Amino acid sequence: MKPKYCFLSFLFLAALSLQAQEDVSTPEASKTVEAFIDGNREKLLGNWDKAATKFKEVLEKDPRNAAAAYELARVYEALKDTDKALVAGKNAVEWDPINPWYKYYLADLYQKLDNDKEAAVLYGQLVKMDPHNEGYYFKWAYHLVRASQPAEAIKVYDQLEKMIGVNEETTRHKQTLYLGMGEYKKAGKEVMALVDRFPKNVEYRHLLATFYDQTSDQAKATATYLEILKLAPNDARAKIKLADDNKGSDDIKFLNALRSVFEDPGTNIDTKIKEIIPYVNRLAETNDKSLGNSLLALTSLLETVHPNSAKAHSVLGDVLFHSGQPDRALEQYKKCLELDHNVWAVWEQVLFIYLDKRDFQNLVKSSDEAMDLFPNQAIAYYYNGLGYNGLHKPNDALTSFQQALIMSAKNLPLRFNLLRETAESHYQLKKYSQAEKSLNEALQLNAKDPIALERMGDVQYQLGKANDALLLWQKAMEYGGKSEVLQRKVLEGKLVE
């Protein structure tokens with residue numbers, strides 16, 4: 001918060017007239033005022049060097065002119081000469097210590113130079129000059145914290161509270177500082193004071209419960225959540241926390257206990273989703289059927305209670321997908337995109353499902369839409385090319401792959417896949433030399449990929465290098481290639497389809 005002054009230029013001119021022997025009618029005083037005005041004009045025009053010259057001219061005529069020193073400091077800062085700006089700013093404060101603007105500017109300059117100790121000193125002085133300016137207290141405390149003086153910062157907040165009373169902002173700051181200092185009892189007392197002053201405020205009780213959670217005082221946390229439910233019986237966060245406290249090692253019981261929360265349309269959907277995301281991620285890793293069933297029950301409720309929320313359809317789609325139901329997942333993802341088509345992660349899931357189903361027609365159609373919406377997503381072009389390759393339209397595929405290659409210089413795994421699929425397009429066009437070139441680039445990124453090795457073997461065979469082809473097919477098998485076609489190639493020593 002800045003000092004509460006207006007018509008700043010007028011005040012500066014007034015200061016000039018007083019300093020110029022209180023008589024602007026003299027030629028010397030008039031020249032001083034004129035130089036100051038000229039300096040401000042050049043500053044407003046951005047002519048920093050000319051402005052500096054004018055303000056230095058003022059200081060030559062009036063060596064302790066604080067207003068000119070202040071303006072000169074701002075000019076030097078604009079010229080990025082912080083050393084000179086600091087000297088001039090300090091002079092302004094020394095020569096006119098009762099002007100809050102000079103102190104405020106110098107404190108701001110110290111902040112930019114990461115000199116929090118000096119900035120804190122100045123804000124302490126500003127508080128004495130204007131004890132009702134709350135912004136000064138917060139700035140003072142902020143710089144004390146950055147200067148590794150948390151105890152002093154707490155004293156500043158205490159001083160502010162004597163003026164404005166206990167409030168959430170000062171309490172949060174003090175609590176955080178006490179926690180950082182390891183003084184947990186004092187941290188707890190701060191939040192308790194807030195609850196005592198506002199006993200019906202549920203949010204403050206949540207602050208207290210969170211504090212108990214952070215300090216592993218489970219009994220008091222549970223008691224506080226129960227008190228919250230007395231004040232607000234439908235409070236979803238308290239219900240979730242109590243369910244979490246009682247779940248023990250049984251995640252399924254915990255998820256089942258959330259049913260009443262998920263049935264409540266008044267509970268924010270983000271609050272609900274936040275609780276189950278870790279379990280959705282676990283489902284993706286483990287494919288646990290029991291976990292999947294519990295999540296499916298909750299996310300189905302989510303869709304029923306929040307039918308017009310894209311998030312509800314998206315998370316239900318994720319659960320269905322990881323539960324081995326891609327077709328039903330696809331339906332939900334489509335509903336999500338109807339409500340909000342700007343969710344790239346959902347588009348990516350849709351494209352993956354179409355590819356996995358080998359539904360190349362829809363893969364091309366959906367990837368075309370995705371490219372229009374996300375022109376900077378190289379993966380959309382990659383899927384588009386895969387769709388065209390699947391439809392045996394290699395020229396169209398190459399157009400998409402080439403665009404994706406331009407965009408994926410730093411994404412090496414994607415670049416590898418693009419080069420491998422580019423080679424596939426060239427192979428379909430019987431451009432074997434170009435396919436060989438793309439595969440060579442791909443194998444430089446991943447020399448042990450059996451699919452790239454297998455296709456390189458095919459290319460070598462088409463180029464009349466049967467022995468080289470056989471060696472490549474054998475290497476592909478060594479690195480994990482297990483297809484029946486590959487085995488036949490190795491056994492028969494020739495290309496088979």
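Flag not set for Leu18, criterion: hydrophobic (A, V, I, L, M, F, W, C) and modelled with pLDDT of 85 or more. Look at the stretch 383-412: where a residue is closer than 15 Å to Ala423 by Cα and a partner is at pLDDT 95 or above and in a loop (DSSP other than H, G, I, E, B), sitting 6+ places away or on another chain with Cβ atoms under 6 Å, you get Pro394/Leu429. Of all the residues in the stretch 458-485, those that are assigned to a helix (DSSP H, G or I) and basic (Lys, Arg) number 1. Exactly one of these conditions fails for Ser216: (1) surrounded by 13 or more Cβ atoms within 10 Å (Cβ to Cβ); (2) over 30 Å from Glu134 (Cα atoms); (3) small (Gly, Ala, Ser). Give me its number. Of everything listed in (1) surrounded by 13 or more Cβ atoms within 10 Å (Cβ to Cβ); (2) over 30 Å from Glu134 (Cα atoms); (3) small (Gly, Ala, Ser), Ser216 misses just condition (1). In the condition set (1) of a type in the set (D, E, K, R); (2) surrounded by 15 or more Cβ atoms within 10 Å (Cβ to Cβ); (3) farther than 30 Å from Pro233 by Cβ, Arg205 is compliant with all but (3).
Given the conditions (1) of a type in the set (Lys, Arg); (2) within 30 Å of Glu263 (Cβ to Cβ); (3) in contact with a Leu (Cβ under 8 Å, 6 or more places away or on another chain), and given that Arg172 satisfies all but one, which numbered condition is not satisfied? Tallying (1) of a type in the set (Lys, Arg); (2) within 30 Å of Glu263 (Cβ to Cβ); (3) in contact with a Leu (Cβ under 8 Å, 6 or more places away or on another chain), Arg172 fails exactly one: (2).
One residue alone among Ala69, Ala107 is more than 23 Å from Val127 (Cβ to Cβ) and in contact (Cβ under 8 Å) with a residue 12 or more places away in the chain, and that residue is Ala69.
Going by what's in this entry, would Val261 be described as part of a helix (DSSP H, G or I), in the same structural domain as Thr304 (by TED's automatic domain parsing) and either β-branched (Val, Ile, Thr) or over 25 Å from Glu134 (Cα atoms) (or both)? Here the answer is yes, as Val261 does meet what is asked.
Criterion first (of a type outside the set (A, V, I, L, M, F, W, C) and surrounded by 18 or more Cβ atoms within 10 Å (Cβ to Cβ)) does Tyr184 satisfy it? Spelling it out, it is not the case that Tyr184 is of a type outside the set (A, V, I, L, M, F, W, C) and surrounded by 18 or more Cβ atoms within 10 Å (Cβ to Cβ). Taking (1) buried (at least 19 other Cβ atoms within 10 Å of the Cβ); (2) under 22 Å from Ala107 (Cβ atoms) in turn, Arg64 satisfies each apart from (1).
Would it be correct to say that Thr170 is touching a residue at least 12 places away in the same chain (Cβ under 8 Å) and either surrounded by fewer than 20 Cβ atoms within 10 Å (Cβ to Cβ) or of a type outside the set (Lys, Arg) (or both)? Taking the combined requirement at face value, the residue satisfies it. Taking residues in the stretch 442-466 that are under 14 Å from Tyr427 (Cα atoms), and partners anywhere that are aliphatic (A, V, I, L, M) and part of a loop (DSSP other than H, G, I, E, B), the pairs with Cβ atoms closer than 7 Å and at least 6 places apart or on different chains are Asp458/Leu495; Tyr461/Leu495. Taken over the stretch 179-188, the criterion of being at pLDDT 85 or above and either touching a Lys or Arg at 6+ places or on another chain (Cβ under 9 Å) or within 24 Å of Leu229 (Cβ to Cβ) (or both) is satisfied by Lys186 alone.
Within the stretch 79-119, the set of residues being in a loop (DSSP other than H, G, I, E, B), within 30 Å of the chain's Cα centre (by Cα) and of a type in the set (S, T, N, Q) comprises Asn115 only. Taken over the stretch 373-422, the criterion of being more than 28 Å from the chain's Cα centre (by Cα) and in a loop (DSSP other than H, G, I, E, B) is satisfied by Leu391, His392, Lys393. Only residues that are under 18 Å from Glu497 (Cβ atoms), of a type outside the set (Gly, Ala, Ser) and at pLDDT 95 or above: list them for the stretch 452-469, please. Hits for the stretch 452-469 are Leu453, Arg455, Met456, Asp458, Val459, Gln460, Tyr461, Gln462, Leu463. Taking the stated definitions as given, is Lys289 out of contact with any helix residue (DSSP H, G or I) (no Cβ under 7 Å at 6 or more places or on another chain) and either of a type in the set (A, V, I, L, M) or touching a residue at least 12 places away in the same chain (Cβ under 8 Å) (or both)? In short, yes. Each residue in the stretch 153-167 was checked for being of a type in the set (Gly, Ala, Ser) and surrounded by fewer than 16 Cβ atoms within 10 Å (Cβ to Cβ), and 1 pass.
Screening His322, His306 for residues that are farther than 20 Å from Ile240 by Cα and without any contact (Cβ under 8 Å) to a residue 60 or more places away in the chain leaves exactly one candidate, His322. Highlighted here are the helices (runs of 4 or more DSSP H) found entirely within the stretch 265-325 that include at least 2 residues which are under 23 Å from Glu338 (Cα atoms), of a type outside the set (A, V, I, L, M, F, W, C) and at pLDDT 95 or above: 310-322.
The values are calculated or read from the model by the stated rules, or taken from the named source; none is laboratory data. Computed from a predicted model, the values in this text were never measured in an experiment. Neighbour counts run over all protein chains shown; Cβ positions are idealised from the backbone, glycine included.
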